[in-house]
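What follows is a single structure, written as structure tokens, with notes after it.
Read-outs throughout are calculated quantities, based only on the coordinates presented, and are distinct from any laboratory measurement. None of these values were measured; they are calculated from a predicted model. A quick note on method: Cβ atoms are made from the backbone with ideal geometry, for glycine too, and the neighbour counts reach across all protein chains shown.
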Amino acid sequence: MRDSNHRKGGEEKEPVNLVSYKKQIGRIRARKTVVTLVLLIMLAVVGVVVFTSIRNHVYTDYEIVGTVEWSPSEGATIVPFGSAFLSYSPDGIHCINAKGTGVWDFAFTMQAPMVEVNGECVAVADRNGRAIYIFDKNGKTGEISVNSPVQRICLSEGGVVAAVLDDVTTTPIYLFYKDGTQISYFRTTMSRSGYPFAIGISESGRLVGVSYLYVDNGQMTSKVAFYNFGDVGRNETDNLVSGYDYQGRLVPYVGFLDGETAFAVSNDGLMLYEGAQRPTNIATVILNDEVRAVYHGSNAIGLVYYDKSGAGRYRMDIYDKKGNPYSSISFDTEYDDIFFTGENVIIYNATSCLIYTTKGKLKYEGSFEEKVLLMIPTSYSTRYQLVTENGISLIQLR
């Protein structure tokens, strides 16, 4: 007789042990987790090693990746303009890209053209002239006619222009959008405010900082005043939202690091201000030496002095947005220009270049093969455009 419990096609299977099965699955999952963690840790270690190696690597040479032909016009001045550059003279201004191709040009007649570049915007005015031209990467965006001679212009990253004019009894300061539309203006007088000695403007153009120079009881005194042209400033007289007096000091420089951090440099101090609406003084650094030049990026300020220690001809002290010292760099290079890009500061002239991190680590020291007119950063920290008398070269540090 056939057993009714007998399964067809083979022997009867053992019942599954669920507890043992779950333990086995758990062990497999645990092993996969451990392997994954080990791989992630190994990748992280490799990443740290590679990053540290790149960060600490000192480059001593470069290779030319590509070159295009270009030659400067006689008597022209060239300045960087984003990834392109500008060539200007009393006869006009031209925008040239990295391929040596003209992007746009504009003709004018000026005795002493003043050119202000900020990001992808540029403003041009003739000193003591009565016209201001505004451009972006595509060409002219606005033209401004004023009734008094232009003495100074300042430009925000967004294309807002501040213009200091020279009137008979007052010194008007006007603000314009990049299309030439007037935003606002206020008038200053020697008896009330003093003479506007320096001016700076925030990224948005909402905040304007002005350094005034005046005489108080026979002593030279400076005042740094901040004007807000947004909603907050509308409720204040002349849009003035804050101001600071510096008796016996000359303040020849006012600048903005971003939309809410401003700074001023006097003959004996570095002053930091913070606030997107009403800037307040958050730090003052006493300087023992006379500042020769001022440079800054979006996160750092560099003050250049003659180096009295003998370590080099020059010394650059670098500070962060709070006025804390980052580093001090001594160097001998007779520089033509200094600029900040990312975490690096570039010091260069026609024949040689130094690249440091803002913390003072040397990244590159070397000479150029040709006379360099302009050095332009790219999106890669180890690649730069070199504009020379014979062309435009893309170089890779090595």
**Request:** Give the angle, between 0 and 90 degrees and rounded to the nearest 10, that separates the Cα long axis of helix 18-56 from the longest principal axis of the Cα atoms of the chain.
**Result:** 30 degrees
**Item:** Residue-averaged [θ]222 nm for the chain, counting only DSSP H segments that reach four residues, each worth -39500 (n - 2.57)
**Value:** -3500 deg cm²/dmol
**For region 164-190 and region 213-291, distance of Cα centres in Å** = 19 Å
**Reduced Cα scattering model of region 131-197, Debye log10 I(q)/I(0), q = 0.14, 0.23, 0.24 Å⁻¹** = -0.41, -0.95, -1.01
**Item:** Rough spin-label spacing in nm, given labels placed 7 Å along Cα→Cβ, for VAL68 and ASN299
**Value:** 3.1 nm
**Prompt:** For percent of Cα pairs over 36 Å apart, the listed values are (i) 49; (ii) 21; (iii) 39; which was obtained by calculation from the structure presented?
**Reply:** (iii)
**Request:** At most 16 other Cβ atoms within 10 Å and a DSSP loop assignment: could you name the chymotrypsin sites (Phe, Trp or Tyr not before Pro) in region 329-384 that fit?
**Result:** TYR380
**Fill in**
Label model pair ALA276, ASN390: point-to-point distance (7 angstrom along the Cα→beta-carbon line) in nm is 5.1 nm
**Message:** Per q in 0.13, 0.15 Å⁻¹, report the Debye log10 I(q)/I(0) for region 78-183, using one uniform scatterer on each alpha carbon and no solvent.
**Reply:** -0.43, -0.56
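So what is the relative contact order of region 301-367, in percent, for Cα pairs below 8 Å that sit 6 or more residues apart?
That works out to 20 percent.
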**Asked** Tell me, in nm to one decimal, what length is gained between LYS361 and THR189 on full extension, where the rule is 0.36 nm per residue of separation less the Cα-Cα distance?
**Response** 57.2 nm
**Fill in**
Quotient of Cα radius of gyration and Kirkwood radius for region 63-115, i.e. Rg/Rh, equals 1.01
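For Cα pairs less than 8 Å apart in space and 6+ apart in sequence, what is the mean separation divided by the residue count of region 136-201, i.e. the relative contact order in percent?
Numbers: 104 pairs, mean separation 16.9, N = 66.
So the answer I get is 26 percent.
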**Prompt:** For region 297-373, how big is the tail of P(r) above 14 Å, as a whole percent of Cα pairs?
**Reply:** 59 percent
**Message:** For region 149-243, I need the span (max minus min coordinate) of the C-alpha atoms along each principal axis, in Å, sorted largest to smallest.
**Reply:** 43, 29, 20
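Using the Cα centre of the chain as the reference point, and only Cβ charges (+1 on K/R, -1 on D/E), how large is the resulting charge dipole? Debye, rounded to the nearest 20.
On the way: 37 positive and 43 negative charges, 490 e Å.
Once rounded to the nearest 20, the dipole reads 2360 debye.
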**Prompt:** So what does the Cα-only Debye profile of region 249-398 read at q = 0.11 Å⁻¹, as log10 I(q)/I(0), no solvent term?
**Reply:** -0.46
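Can you tell me the relative contact order of the chain? Whole percent, Cα pairs under 8 Å, sequence separation 6 or more.
Working: 879 pairs, mean separation 44.2, N = 398.
After rounding, I find 11 percent.
Given a Förster radius of 45 Å and the C-beta distance between ALA350 and ALA107 as r, what FRET efficiency does 1/(1 + (r/R0)^6) yield to the nearest 0.05?
Values: r = 29 Å, r/R0 = 0.64.
The formula returns an efficiency of 0.95 here.
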**Fill in**
Packing-ranked peptide list from 277-290, 214-227, 121-134, highest mean Cβ count within 10 angstrom first, is 121-134, 214-227, 277-290
**Fill in**
Per the Cα gyration tensor, region 241-309 corresponds to an equivalent ellipsoid with semi-axes, largest first in Å, of 22, 15, 9
